[in-house]
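The values are calculated or read from the model by the stated rules, or taken from the named source; none is laboratory data. All of these numbers come straight from a predicted model, not from anything done at the bench. Neighbour counts are summed over all protein chains in view; Cβ atoms, including those assigned to glycine, are modelled from backbone coordinates with ideal geometry. These accessible areas exclude ligands, DNA and RNA; they are computed on the full protein's heavy atoms, side chains included. Shrake-Rupley method; radii C 1.70, N 1.55, O 1.52, S 1.80 Å.
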Amino acid sequence: MRKLFLLVCFVSFVLSACSSFYDEETKQLGPLPEISCVAVLPTAIPVAYGDMHTAAAIEAIRDGSTFLDSVMADELGGRPEFRLLTENQLDAILGNPWGGVLQQVRDIGQATGCGAVLETTLSKYRERVGNTMSAEISAAAAFSMELIAVESGTVLWVASFDESQKALSEDIFSFNKAQKRGFRWLSVQELSRDGLKSRLEDFPYFQKAVGE
C-alpha cells in the first residue's frame, strides 16, 4: 500500500507536486580557535525590514525570528558549550550600541565567558498559501549565519539558506529531497526548521560536541 501511495504521489507531481528551489552553503573561513563555549544571539532582522510592503510581511518576519530562536533552543539549549541569549540579556550587555561590532562582540564574550559569537539574520519568511497537497503560493525562507571570534573579531564560519518550494515538474533534480519530505508542500515553519537544522549539522563546534 505504501509503495502504491508513493507511486500515485510521483505521478501527480508531473502537474502539481512539491519540490524546491534553494541556495544553501556553509564555509569555514579559517582555523578554529579552542574555545569553552559559543554565545548564540537571538535571531536578528535586517534594519531594512521596514521597507517591506505590508504590515503582514513585517509581522511574519518578526514571528519567523521568534520561531528560529525556539529551534535554536531545541537544538542547542541545555548544552554547556552553547549560551543562548535573550533579547533582554543582549540589550543589558550592549549598553553602548555605538561601540562598533568588534567592541560589541568583545562585550558579549566578556559577559558570557565565550570565545565566539553566533549571529543569525532572517531576511525572508513567507508562509504557504494552500495545504500540504496543493499550494497557490509556496513557503519561502532565507537566513544567514556568522560565527565571529571574540578575540580578533574575525568571521570564522558562515552559512546561508534560501529556499522556496517549487513543483517537481519545474525541478526534477530535487526528487530525493521531495521524497525525504514526504512529497508535500511544507509550511514555512517546517521549511525554516529543516534549513536551520541542516546548517547546524555543519556547524564546526556542534560537530565536535556530538563526536565527543
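In segment 46-75, the residues that are within 19 Å of Ser187 (Cβ to Cβ) reach residues that are of a type in the set (Asp, Glu) and at pLDDT 80 or above with C-beta atoms within less than 8 angstrom, at least six apart or across chains, in these pairs: Ala60/Glu127. For segment 137-146, a tally of residues being assigned to a strand (DSSP E or B) and buried (at least 23 other Cβ atoms within 10 Å of the Cβ) returns 2. Does Phe175 satisfy the condition of being modelled with pLDDT under 95, within 19 Å of the chain's Cα centre (by Cα) and of a type in the set (Phe, Trp, Tyr)? For Phe175, the condition - modelled with pLDDT under 95, within 19 Å of the chain's Cα centre (by Cα) and of a type in the set (Phe, Trp, Tyr) - is not met. Scanning segment 86-102 for residues being open to solvent by less than 40 Å² (accessible area, probe 1.4 Å) and more than 13 Å from Pro42 (Cβ to Cβ) gives a total of 2.
When Val71, Val105, Val129 are checked against the criterion of being out of contact with any Ser or Thr (no Cβ under 9 Å at 6 or more places or on another chain) and either surrounded by 12 or more Cβ atoms within 10 Å (Cβ to Cβ) or of a type outside the set (D, E, K, R) (or both), a single residue qualifies: Val105.
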